[in-house]
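The structure under discussion appears below in the form of structure tokens.
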Amino acid sequence: MLASKRILVIDDDHVFLRKVNETLTEAGYGVLEALDGTAALALLKKLHYHVDLIITDLVLPGSSGHNIIAEVSGRDATIKIIATTGVLNQTQLEITKYLGADAVLRKPAAGAPFSGDELLQTVRTLLASSSDRADKIA
């Protein structure tokens, strides 16, 4: 059933993007990628916003992660959103959650090992809550 869950990962850090893709793919999720905000929004429009979850960096070339969050949450509130950033402060957190992010995760420092445990736990929790809500609606 996981393979039916489609996740769009948006990040201009190729190493981070690859590690997130590997982690999610190994866990059985379908993964799409975009390297910048403009490409991500174009892909979402092409897919008619048919994704279950978006993982987006906040600082991106093209359109920012904040713009993506605002666009997606304003269009389809059922799509779960995880914002990632290496520069996390209280103001950014509040703005990001106000715009519609369901969770915010800190990226590992440059050169630090990537642990997918927190990411997978957050993904599973958000997708489970959206499934529960869909079951109640049906």
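Descriptive notes on the structure:
- Residue within the stretch 110-117 that is of a type in the set (S, T, Y) and within 19 Å of K19 (Cβ to Cβ) present: yes
- Qualifying positions in the stretch 1-42 - part of a helix (DSSP H, G or I), touching a Gly at 6+ places or on another chain (Cβ under 7 Å) and not small (G, A, S): L2, T23, T38
- Tabulated pairs, the stretch 34-60, first over 21 Å from V123 (Cα atoms) and surrounded by fewer than 16 Cβ atoms within 10 Å (Cβ to Cβ), second among the small types (G, A, S) and at pLDDT below 95, C-beta under 6 angstrom, 6+ apart or interchain: T38/G62; T38/S63
- Any hit, the stretch 104-112, residues being at pLDDT 95 or above, touching a strand residue (DSSP E or B) at 6+ places or on another chain (Cβ under 7 Å), on the phi < 0 side of the Ramachandran plot and hydrophobic (A, V, I, L, M, F, W, C): no
- Residue check for V72: among the aliphatic types (A, V, I, L, M), under 25 Å from G116 (Cα atoms) and either in contact with a Pro (Cβ under 9 Å, 6 or more places away or on another chain) or not in a helix (DSSP H, G or I) (or both): no
- Condition met for A42 (within 16 Å of G116 (Cα to Cα) and among the small types (G, A, S)): no
- Taken together, K45, K97 contain a single residue that is over 21 Å from K5 (Cα atoms), of a type in the set (D, E, K, R) and not in a loop (DSSP other than H, G, I, E, B), which is K97.
- Looking only at the stretch 7-33, and only at residues there that are surrounded by fewer than 22 Cβ atoms within 10 Å (Cβ to Cβ) and β-branched (V, I, T), the one that is nearest to D52 (Cα to Cα): V31
- In the stretch 67-76, residue farthest from D12 (Cα to Cα) [restricted to those that are of a type in the set (G, A, S) and surrounded by 15 or more Cβ atoms within 10 Å (Cβ to Cβ)]: S73
- Taking the criterion of being over 14 Å from L126 (Cβ atoms), surrounded by 11 or more Cβ atoms within 10 Å (Cβ to Cβ) and not hydroxyl-bearing (S, T, Y), the residues of the stretch 77-93 that qualify are G86, L88, Q92, L93.
- Unmet criterion (only one of (1) touching a helix residue (DSSP H, G or I) at 6+ places or on another chain (Cβ under 9 Å); (2) in contact (Cβ under 8 Å) with a residue 24 or more places away in the chain) for V104: (2)
The values are calculated or read from the model by the stated rules, or taken from the named source; none is laboratory data. It should be emphasised that the depicted structure is a prediction, and the values quoted were computed from it without experimental measurement. Neighbour counts are summed over all protein chains in view; Cβ atoms, including those assigned to glycine, are modelled from backbone coordinates with ideal geometry.
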